[in-house]
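The values are calculated or read from the model by the stated rules, or taken from the named source; none is laboratory data. None of these values were measured; they are calculated from a predicted model. As a convention, Cβ positions derive from the backbone with ideal geometry for all residues, glycine included, and neighbour counts pool all protein chains shown.
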Amino acid sequence: MGRVTERRRVIRIRDGAVSTRPDTLVAEEPMEIRLGGKPLAITMRTPGDDFALAAGFLVSEGVLASAAELANIVYCAGATGEGGSNTYNVVDVRLADGVPVPDITLERNVYTTSSCGLCGKASLDAVRTTARWPLDTSPDTPVRIEPATLSALPDRLRAAQRVFERTGGLHAAALFTTDGELLDIREDVGRHNAVDKIVGRALQQGRLPLSSCVLMVSGRASFELVQKAVMAGIPVLAAVSAPSSLAVDLAVETGLTLVGFLRGTSMNVYAGEHRLTLSAAASTD
């Protein structure tokens with residue numbers, strides 16, 4: 001669709017010298033997600049991978065868990081702009097026959113997925129009880145990762161951000177193996193959208209749950225991102241910045257390994273340290 005970036009004229013000032021030049025900006029447009037023809041949510045996103053975004057969003061909502069539960073996703077023909085052309089900003093998700101359509105309204109959705117509208121024990125309980133694939137919290141879990149492997153992920157994430165290199169204005173989410181192999185990366189103005197695109201593509205490819213993977217995100221780790229990781233069965237979430245207190249609470253509650261401030265060889269492990277191969281002499285002060 002060619003709408004990932006746009007060009008705008010800017011005035012550039014460098015060391016007192018003034019010039020005009022075109023600048024490349026990341027595109028941002030609203031997308032409405034409908035379920036069975038009924039409005040469900042509106043998100044601001046970077047166009048591209050829209051069907052994966054919608055599918056991943058519904059995974060995080062507990063609606064979808066496999067490609068077999070999804071009939072199709074289509075752009076709504078009625079979304080028209082100037083001249084009657086389709087804006088490609090409205091998608092409708094149809095579930096497969098026999099899959100119940102949950103009673104989700106736009107008002108409920110704003111409550112359950114907004115990073116600023118969630119709080120308290122009810123939020124934690126809701127994710128724990130609706131997760132299709134509870135995370136293995138045993139100390140003997142087969143998912144293990146070296147801190148040195150985690151340390152290499154931010155650079156690998158940044159190196160794979162093609163649009164960021166052109167715009168400097170969007171987030172990324174990447175899926176890695178526990179050996180540090182890059183499996184997929186998506187970019188978006190919203191880090192939650194980037195994660196939904198990752199998870200949605202995995203659902204479309206029949207790869208859920210992502211029980212042997214590490215999710216790496218740019219920026220901070222919010223409650224919403226921890227929720228999305230848990231709902232996709234991802235055992236390890238790493239971020240280059242800080243988590244919120246509720247994100248840590250949810251990680252502890254569900255058994256997710258949560259790593260923040262991942263910069264160089266330094267990192268903070270907030271939950272799920274049993275999946276990291278730490279030195280026996282590590283201090284617990």
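General remarks:
- Under the condition of being surrounded by fewer than 24 Cβ atoms within 10 Å (Cβ to Cβ), assigned to a helix (DSSP H, G or I) and in contact (Cβ under 8 Å) with a residue 60 or more places away in the chain, the residues counted in region 253-283 number 3.
- Identity of the residue in region 12-28, of a type outside the set (S, T, N, Q) and farther than 27 Å from E187 by Cβ, that ends up modelled with the lowest pLDDT: I13
- Only one of the listed residues (R166, R158) is at pLDDT 70 or above, closer than 25 Å to V26 by Cα and either part of a helix (DSSP H, G or I) or touching an Asp or Glu at 6+ places or on another chain (Cβ under 7 Å) (or both). That residue is R158.
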